[in-house]
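The values are calculated or read from the model by the stated rules, or taken from the named source; none is laboratory data. As the structure is a computational prediction, the values presented were derived from the model and not from experiment. All Cβ positions, glycine included, derive from the backbone under ideal geometry; neighbour counts span all protein chains shown. Note: accessible area is taken over every heavy atom of the protein model, side chains too, but ligands, DNA and RNA are not part of it. Shrake-Rupley method; radii C 1.70, N 1.55, O 1.52, S 1.80 Å.
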Amino acid sequence: MSYETIVTEPRSKVGLIRLNRPQALNALNMQVLADLLAAARAFDRDDGIGAMVITGSEKAFAAGADIKEMQAKTYIDAYMQDFFSGWEDFARIRKPIIAAVAGYALGGGCELAMMCDFIIAADNAKFGQPEITLGVMPGMGGSQRLTRFIGKSKAMDLVLTGRMMDATEAERCGLVSRIVPVADLMEESMKAATKIADFSLPAVVMAKEAVNRSYETTLSEGLRFERRVFHSMFALDDQKEGMAAFTEKRKPHFSNR
Ligand code: CAA
């Protein structure tokens, strides 16, 4: 399948998606959203794929929503189109998605990275929510997700000053799970995704759902949800296989059932 603004490639069990608008530093316009959603949904449906990696270029993961596309919008356009709401569909993809971020991840770029399940950053990565410098504020989840991920003080700092933070600061405050040299970004990200894809797919998808649940519910409800999902895993062939392999001191062969 070929797309206008992204390039996709299934590599073994990993679906790789590369944003490809170099002339605009991968700014996220409506076509990017349509392409990304179609590609991620196709990988989500593909039984041969266990995880995805989304990346950009060495210079930019994505420099934000496309300012030129939204510049002339009126309030009624934005409201009636429910502008940006389509990105919530992306956040509902069920298989794990790693954001492999090099260069700028600004505005919508930072917000897209946060919709993924974790972020591996190159040492040249720069994160920020600079919308305030354009006379607006984050609109793809930044005010909510960033605050939950890094806390109020630092989120306010970024959202209100529009400053960028480097990879080291992003890792220190918990936005990023690891930093790697920019030359190793794809190898490390593909390695992590392959590792995930080799586990039991139902177990992985259930684990992702449970961790995400923690953002949307109380601790006691979240713990109850976790236990119910955990109990249900004893119906999986993969639970029998994983535990048998451990006791028999061999590698498990998961069947995704
Ligand atoms: N939208 C549209 N075009 C963009 C863009 C964006 N977000 N970011 C960069 N571009 C375009 C530039 O206009 C330029 O195009 P032209 O050559 O046609 O002029 C091209 O990409 C290269 O950009 P620069 O020449 O600016 O590159 P640079 O290396 O000098 O600067 C940068 C890089 C600091 C990232 C700078 O491009 C920049 O500040 N970009 C905008 C960042 C931003 O404000 N993002 C937030 C957008 S709003 C948003 O995302 C809302 C939301 O919550 C979803």
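A few notes on this one:
Condition check ((1) in contact with a strand residue (DSSP E or B) (Cβ under 6 Å, 6 or more places away or on another chain); (2) surrounded by fewer than 17 Cβ atoms within 10 Å (Cβ to Cβ); (3) without any contact (Cβ under 8 Å) to a residue 60 or more places away in the chain) across all residues:
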{"site": "Ala155", "(1), (2), (3)": "no, no, yes"}
{"site": "Thr161", "(1), (2), (3)": "no, yes, yes"}
{"site": "Thr168", "(1), (2), (3)": "no, yes, yes"}
{"site": "Val176", "(1), (2), (3)": "yes, no, no"}
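- Any hit, segment 77-95, residues being in contact (Cβ under 8 Å) with a residue 40 or more places away in the chain, buried (at least 18 other Cβ atoms within 10 Å of the Cβ), more than 16 Å from the ligand (Cβ to nearest atom) and of a type in the set (D, E, K, R): yes
- All positions within segment 139-155 that are of a type in the set (A, V, I, L, M, F, W, C) and either within 16 Å of the ligand (Cβ to nearest atom) or closer than 9 Å to Glu111 by Cα (or both): Met140, Leu146, Phe149, Ala155
- Residues in segment 138-153 that are open to solvent by less than 80 Å² (accessible area, probe 1.4 Å) and in contact (Cβ under 8 Å) with a residue 40 or more places away in the chain: Gly139, Met140, Gly141.
- Subset of segment 106-137 (residues that are near the ligand (Cβ under 10 Å from one of its atoms), buried (at least 21 other Cβ atoms within 10 Å of the Cβ) and hydrophobic (A, V, I, L, M, F, W, C)): Leu106, Cys110, Leu112
- Residue within segment 27-39 that is part of a loop (DSSP other than H, G, I, E, B) and either within 17 Å of Ile119 (Cβ to Cβ) or not aliphatic (A, V, I, L, M) (or both) present: yes
- When residues of segment 33-65 are limited to those that are within 11 Å of the ligand (Cβ to nearest atom) and out of contact with any strand residue (DSSP E or B) (no Cβ under 6 Å at 6 or more places or on another chain), the one nearest to Arg94 (Cα to Cα): Leu33
- Any hit, segment 43-63, residues being within 20 Å of Gly141 (Cβ to Cβ) and open to solvent by 70 Å² or more (accessible area, probe 1.4 Å): no
- In segment 157-193, the residues that are out of contact with any Asp or Glu (no Cβ under 9 Å at 6 or more places or on another chain), outside any helix (DSSP H, G or I) and not hydrophobic (A, V, I, L, M, F, W, C): Gly174
- Failed criterion for Glu69 (all others in (1) more than 10 Å from the ligand (Cβ to nearest atom); (2) touching a residue at least 12 places away in the same chain (Cβ under 8 Å) hold): (1)
- Filtered residues of segment 193-240 (kept if open to solvent by 40 Å² or more (accessible area, probe 1.4 Å), out of contact with any helix residue (DSSP H, G or I) (no Cβ under 6 Å at 6 or more places or on another chain) and of a type in the set (Lys, Arg)): Lys195, Arg224, Arg227, Arg228, Lys240
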